Amino acid sequence: MSYNTYIFDFDYTLADATMGIVECVNFALNQMGLEQKNCEEIRKTVGMTLRDIFFTLTGISDKQQTEVFFSHFMFMADRIITENTVLYPDAIDILTHLKKCDYKTAVVTTKVRYRVEEILSKFNIKDLVDYIVGYEDVKSPKPSPEGLQKAITHFGCDKETVLFIGDSLIDANAANNAGIDFAAVLTGTTTEEDFLALPNIIIADSLTKIIKFTAKESM
C-alpha cells in the first residue's frame, strides 16, 4: 500500500450531525403531516440522499412529495445543521497530519458542498481539505463511482494511490465501483460484520488507526 490521496466521506466519518439531521427530518415530516421518526430510525439513513431518506422512512416514492420533503429539510438545515455538527475528536489531527505530509485530501459526500464548506470553516480547517464533491456536483450520488472519479480526475492521480475512507456500505460499494481501495471506520451505524462482506483493507474504530495503518509517515 502506498497512498498519496485520501478521500473521506463526511457524515459519521469526519463529523457527527445527528441532532441537526434528526430535527430537520422531523421538521419536514411534520410540515407534510406525516409521522415523525425516532433518532435511531433516522440515524440509519444518514449517508443516503434526501430522496432515499424520505422513501426509506415513509415508503413514499411520489416525486412531488419527495421534492416537498427536500424543500422543507433544506429550509431547516440552512438554519441549524452547521451549528449542530461536531467533528470527531481525531478529525482535525488526521487532516493536519496528512496536509503536513503533503498528501492530497478530498471529501466526497451526499451532503451539499456548501454545507461541508460551512462546517469546515466553522472549525477553521477549510484549508486542510483540497477538494470537495457534494450532492450538487454529480448526476449520480454514491454508491455510483462518479464523485470519487471526479476527485481522482481533479488530482490527476492513479487509482492505486487513492484510499477512500467511509462509514457505510454505500461508501464501500462506491469505492468498489470506482476500483479504488476502501477503509471502513466504525463511527456510523454499520457493523464490522456488515463490512466484511465487501472489499476493504482495514476496518477500524477510528480514523487514527486507519491512517497509522496506511500512511508512510506514522503519527
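Using 1/(1 + (r/R0)^6) with R0 = 25 angstrom and r between the beta carbons of Ile60 and Asn177, what's the FRET efficiency to the nearest 0.05?
0.35
Which distance in Å, rounded to a whole number, links the C-alpha centroids of segment 150-176 and segment 51-97?
Cα centres, segment 150-176 to segment 51-97: 22 Å.
Which shape class, rounded, prolate or oblate, goes with segment 128-182 when its Cα gyration tensor gives a ≥ b ≥ c as root eigenvalues, a/c under 1.5 marks rounded, and past that a/b bigger than b/c marks prolate?
Verdict is rounded for segment 128-182.
Give, as a single signed number, the net charge of other residues whose beta carbon lies under 12 Å from the beta carbon of Val86, with Lys and Arg counted +1 and Asp and Glu -1.
-2
Among Leu196, Leu120, Phe155, which residue has its Cα furthest toward the positive end of the charge dipole of segment 82-219, with +1 on Lys/Arg Cβ and -1 on Asp/Glu Cβ?
Of the options given, the answer is Phe155.
Counting only complete DSSP H runs, which helices of the chain cover 15 Å or more along their long axis at the Cα atoms and score a mean Kyte-Doolittle of -1.0 or above?
Taking the DSSP H segments of the chain (at least 15 Å long, mean hydropathy at least -1.0), we get 18-31, 63-80.
Sorted by average packing, counted as other Cβ atoms within 10 angstrom per residue and highest first, what order do 133-146, 17-30 take?
17-30, 133-146
Would you kindly state how much longer the chain becomes between Met219 and Asp52 on full extension, computed as 0.36 nm times their sequence separation minus their alpha carbon distance, in nm to one decimal?
Answer, rounded to one decimal: 56.3 nm.
Helix-only mean residue ellipticity at 222 nm, the chain, DSSP H runs n ≥ 4 weighted -39,500 (n - 2.57), per residue, nearest 500. What is it?
-13000 deg cm²/dmol
What is the calculated FRET efficiency for Glu160 to Lys99, with r their C-beta to C-beta distance and R₀ = 25 Å, to the nearest 0.05?
Efficiency at R0 = 25 Å is approximately 0.70.
Starting from the 7 Å offset along Cα-to-Cβ, what nm value, one decimal, do you get for the label separation of Ser2 and Ser140?
Going by the 7 Å Cα→Cβ label model, 3.2 nm.
Work out the length of the dipole vector of segment 37-98 about its Cα centre, built from +1 on the beta-carbon of each Lys and Arg and -1 on the beta-carbon of each Asp and Glu, and round it to the nearest 20 debye.
Once rounded to the nearest 20, the dipole reads 200 debye.
Please provide three numbers in whole Å: the alpha-carbon extents of the chain along the principal axes, with the largest listed first.
53, 36, 30
For Asn38 and Ile80, compute 0.36 nm times the residue count separating them, minus their Cα-Cα distance, and round to one decimal in nm.
Stretched fully, the Asn38-Ile80 segment lengthens by 13.3 nm.
Read-outs throughout are calculated quantities, based only on the coordinates presented, and are distinct from any laboratory measurement. The model shown is predicted, which means the values in this text are computed figures rather than measured ones. Note: ideal-geometry Cβ built from the backbone for every residue, glycine included; neighbour counts use all protein chains shown.
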